[in-house]
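The values are calculated or read from the model by the stated rules, or taken from the named source; none is laboratory data. Since the model is a prediction, treat every value here as computed from it, not as a measurement. Here the Cβ is made from the backbone with ideal geometry for all residues, glycine too, and neighbour counts use every protein chain on show. The accessibility values were calculated without ligands, DNA or RNA, using every heavy atom of the protein model including side chains. Shrake-Rupley method; radii C 1.70, N 1.55, O 1.52, S 1.80 Å.
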Amino acid sequence: MRIAGPIKFGVVIVLFLLMGYLAFQIFEIKIDGNFKSIFARSQDDVQVRTTKSPKYKCGLAKPCPENHFAFKMASGAANVVGPKICIEDKIIMSGVKNNVGRGINIATVNGRTGELLDTKVFDLWGADVKPFNEFLKTLKEGTIVFMATYDDAATKLDDNARKLLSELGSASISNLSFRDNWIFVGAKGIQSKSPFEQHIKNNKDTNKYEGWPEVLEMEGCVPPKKEEKP
């Protein structure tokens, strides 16, 4: 009986030590697993950051060739949201900048340097078309024009205005009608029709908004005007 007591005590001690050892092993495995999991997540985060798509000027899908001018633009949405024009990663005209309005919104740029020259809004629904025509006539050779409509830009357009816009490279201006949407990039002195133009008709059967067609969006890279040889 005296021997049984120490034996039982020894067994208890051994079992206690064994349980402690097993608990330590399990804890160590869990900690190791957590560290590996954390490390793996960190590696994944690094990989995601390193493979993130690069950002190009004005949010273009790809970079422009060297010396070309990046642009992205949108027409107005009905008579609620104004047009937006971004050139070389700068928002030139927008509702937020409070420099857009009903009619044709225009930004002009130096075709050689890309320098912004001017921004204009011509109300061609309720105002006279003559100031618009005079403005087009004063454009200097090589000037790049970015144009976007808002609400209505055709009611007051006359044949003279359409001719002047056609000379800037527009192929669709002869068909622009009441509340059509139209965006265009042209240039004074261009020798062919511009590749940067979109036009959508106001059609009650296809209009996205009541009385107005959907918004037009366009982006691209405009080549600079080459220096004229002497």
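Quick check, is T108 open to solvent by 40 Å² or more (accessible area, probe 1.4 Å), in a strand (DSSP E or B), out of contact with any helix residue (DSSP H, G or I) (no Cβ under 6 Å at 6 or more places or on another chain) and hydroxyl-bearing (S, T, Y)?
No; evaluated as a whole, the condition is false for this residue.
Quick check on segment 62-80. Is at least one of its residues touching a Phe, Trp or Tyr at 6+ places or on another chain (Cβ under 8 Å), more than 20 Å from E197 (Cβ to Cβ) and of a type in the set (S, T, N, Q)?
yes
Can you name every residue in segment 186-204 that is under 21 Å from A107 (Cα atoms) and among the polar types (S, T, N, Q)?
Selection gives Q191, S192, S194, Q198.
Which of the residues spanning segment 112-127 are among the basic types (K, R) and part of a strand (DSSP E or B)?
Selection gives K120 alone.
Let me spell it out: the conditions are (1) surrounded by fewer than 15 Cβ atoms within 10 Å (Cβ to Cβ); (2) part of a loop (DSSP other than H, G, I, E, B); (3) within 15 Å of the chain's Cα centre (by Cα), and I91 meets all of them except one. Which number is the exception?
The single condition I91 does not satisfy is (2).
Does I144 satisfy being more than 17 Å from G76 (Cβ to Cβ), in contact (Cβ under 8 Å) with a residue 40 or more places away in the chain and in contact with a Gly (Cβ under 8 Å, 6 or more places away or on another chain)?
In short, yes.
Quick one: would you say D89 is at pLDDT 95 or above, within 24 Å of E214 (Cβ to Cβ) and acidic (D, E)?
Judged against the criteria, D89 is not a match.
Considering only segment 209-230, how many residues are surrounded by fewer than 16 Cβ atoms within 10 Å (Cβ to Cβ) and under 21 Å from the mean Cα position of the chain (by Cα)?
So the count comes out to 3.
Could you run through segment 166-199 and say how many residues are open to solvent by 40 Å² or more (accessible area, probe 1.4 Å), in contact with a strand residue (DSSP E or B) (Cβ under 8 Å, 6 or more places away or on another chain) and either of a type in the set (V, I, T) or assigned to a loop (DSSP other than H, G, I, E, B) (or both)?
4
List, please: which pairs have Cβ atoms under 6 Å, are six or more places apart or on different chains, and start with a residue in segment 112-134 that is more than 17 Å from S177 (Cα to Cα) and touching a residue at least 40 places away in the same chain (Cβ under 8 Å) and end with one that is in a loop (DSSP other than H, G, I, E, B) and open to solvent by less than 90 Å² (accessible area, probe 1.4 Å)?
Cβ pairs passing all conditions: R112/P224; R112/K225; G114/E88.
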